[in-house]
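Here's the structure, in structure tokens; my notes come after.
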Amino acid sequence: MAEKVFTWLDERLGLKTIYNTVLDRNVPKVNWWYTLGSASLFLFALQVVTGIFLTVYYVPSPDHAYDSVQYIMNDVTFGWLIRGIHHWGATLMVIFVFIHMLRTFYFAAYKYPREITWITGVFLLLATLGMGFTGYLLPWNQRAYWATTVGTEIPGTAPFIGEFIMRILRGGSELSAVTLARFFSVHIWFLPAIILLLIGTHMYLVIRLGISAVPRKED
Amino acid sequence: MSEPNKLERRDFVKVVLAVLGSVMGAAIAIPAVGYLLSPAMAVQKKESWISLGPLENYPIGVPTLFSFTQTTVNGWEKTVNSYGVYVTRVDETIQKVFSNMCTHLSCRVTWKEDAREYICPCHDGIFNIDGQVMDGPPPAPLQEYQTKVEEGVLYFYFVEG
């Protein structure tokens with residue numbers, strides 16, 4: 001029965017072809033450093049799921065942001081777990097994406113024909129850092145507030161356009177409800193959308209071009 | 001090679017995968033479901049004895065309004081609701097406490113001493129001193145609360161409804 005259903009679906013959706021193309025690819029003999037991309041992808045998925053769950057209770061307003069986070073941590077069943085995973089997953093993701101980049105660099109995997117994979121990867125790293133920066137403000141505690149004050153002050157020191165950039169980041173000249181709202185929006189809509197597009201491209205290229213082998217001594 | 005009742009390697013792997021998969025699935029599903037259902041599981045008790053102060057504060061035969069607030073906490077927000085009850089001392093020993101909420105559409109009724117009746121300003125509902133409907137659209141008498149007197153202090157059992 002299950003086999004019949006699968007055959008019916010496969011005939012129409014081409015599931016086996018997807019499986020063969022995506023998972024049964026030919027890969028050179030590689031080592032554990034080559035698992036960092038998958039690890040980053042897994043962490044991203046984890047962040048998406050826990051992040052969606054957090055929006056059930058989190059409120060991006062100065063009146064309620066801190067209290068709603070306290071509510072998640074103290075009152076909601078397993079709230080501490082969901083937020084804990086999101087919190088630590090964020091840190092891990094930055095680390096994993098960064099080491100993934102180092103691996104690609106040191107193994108010279110960015111060269112022809114994989115330049116675009118590399119470039120999308122660079123933007124993925126920047127987007128990941130952007131997620132960390134925007135997410136850091138959301139708990140609206142002292143650390144979040146002052147970290148973002150400093151973090152938005154830094155581009156403000158750039159000559160000529162610095163102050164304008166700072167005003168764009170803050171949505172005004174000082175940190176306010178507007179800052180919190182736009183950081184939240186960027187954190188849950190803009191950056192995830194960009195990251196999904198970039199990951200799509202990145203993985204399409206990985207499948208299309210295959211992964212590069214570990215460089216040999218004579219290379 | 002393989003004896004009839006022996007577990008095949010493939011089947012063993014299948015069983016192990018199924019068991020591990022179920023354990024991991026449960027480990028993910030239980031927190032997820034608990035997280036989403038959490039506020040629905042918290043039952044707020046909205047019943048309590050509320051003090052109305054010393055019994056002698058209330059004159060006999062004249063319904064007197066007592067206003068109070070109840071704070072409810074929903075998630076990260078506190079809501080303070082105002083309520084009013086009419087305290088009526090029938091004589092030295094019998095006292096009644098009525099909600100001032102009209103049973104028609106929840107407007108607040110007011111005691112009119114000259115007419116000796118409660119009047120609802122919204123649709124002219126009229127109740128007598130015992131909370132019974134005398135006129136107008138209200139479908140039921142005013143809600144009456146249980147009372148008690150302890151050491152000269154009057155209490156009533158507030159049930160939100």
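The values are calculated or read from the model by the stated rules, or taken from the named source; none is laboratory data. Here the structure is a predicted model, which means the values were calculated and not measured. Positions of Cβ are backbone-derived with ideal geometry, glycine not excepted, and every protein chain shown enters the neighbour counts. Note: accessible area is taken over every heavy atom of the protein model, side chains too, but ligands, DNA and RNA are not part of it. Shrake-Rupley method; radii C 1.70, N 1.55, O 1.52, S 1.80 Å.
A quick yes/no check of all residues on (1) open to solvent by 50 Å² or more (accessible area, probe 1.4 Å); (2) under 30 Å from B:Val153 (Cβ atoms); (3) not in a strand (DSSP E or B):
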position	(1), (2), (3)
B:Ser82	yes, yes, no
B:Asp91	yes, yes, yes
B:Phe98	no, yes, no
B:Thr103	no, yes, yes
B:Leu142	no, yes, yes
State all residues of the stretch A:134-151 that are in contact with a Ser or Thr (Cβ under 8 Å, 6 or more places away or on another chain) and open to solvent by less than 70 Å² (accessible area, probe 1.4 Å); if no residue qualifies, say none. A:Leu137, A:Thr148
How many residues does the stretch B:32-57 contain that are assigned to a helix (DSSP H, G or I), away from chain A (no Cβ under 14 Å) and among the hydrophobic types (A, V, I, L, M, F, W, C)? 1
Could we say that B:Ile60 is within 14 Å of chain A (Cβ to nearest Cβ) and more than 27 Å from the chain's Cα centre (by Cα) here? no
Among the residues of the stretch A:77-88, write down those that are part of a helix (DSSP H, G or I) and within 14 Å of chain B (Cβ to nearest Cβ). A:Gly79, A:Trp80, A:Leu81, A:Ile82, A:Arg83, A:Gly84, A:Ile85, A:His86
Here are the criteria: (1) within 14 Å of chain B (Cβ to nearest Cβ); (2) touching a residue at least 24 places away in the same chain (Cβ under 8 Å); (3) open to solvent by less than 80 Å² (accessible area, probe 1.4 Å). Tell me which single one A:Ile99 does not satisfy. (1)
Take the residues in the stretch B:63-78 that are facing chain A (nearest Cβ under 10 Å) and surrounded by 14 or more Cβ atoms within 10 Å (Cβ to Cβ); name whichever of them is nearest to the chain's Cα centre (by Cα). B:Gly75
Any chance the stretch B:119-139 includes a residue that's open to solvent by 50 Å² or more (accessible area, probe 1.4 Å), closer than 30 Å to B:Gln44 by Cα and in contact with a strand residue (DSSP E or B) (Cβ under 9 Å, 6 or more places away or on another chain)? yes
From the list A:Val59, A:Val30, pick out the single residue that is under 26 Å from the mean Cα position of the chain (by Cα), over 30 Å from A:Gly210 (Cβ atoms) and either within 14 Å of another protein chain (Cβ to nearest Cβ) or not in a helix (DSSP H, G or I) (or both). A:Val59
For the stretch B:134-151, give me the residue count where each residue is touching a residue at least 24 places away in the same chain (Cβ under 8 Å) and farther than 20 Å from B:Phe68 by Cα. 6
Filter the stretch B:13-50 down to the residues that are modelled with pLDDT under 90 and among the polar types (S, T, N, Q), then identify the one that is nearest to B:Glu160 (Cα to Cα). B:Ser48
Answer yes or no: is there a residue in the stretch B:120-132 that is of a type outside the set (Ser, Thr, Tyr), over 17 Å from B:Ile94 (Cα atoms), modelled with pLDDT of 90 or more and in a strand (DSSP E or B). yes
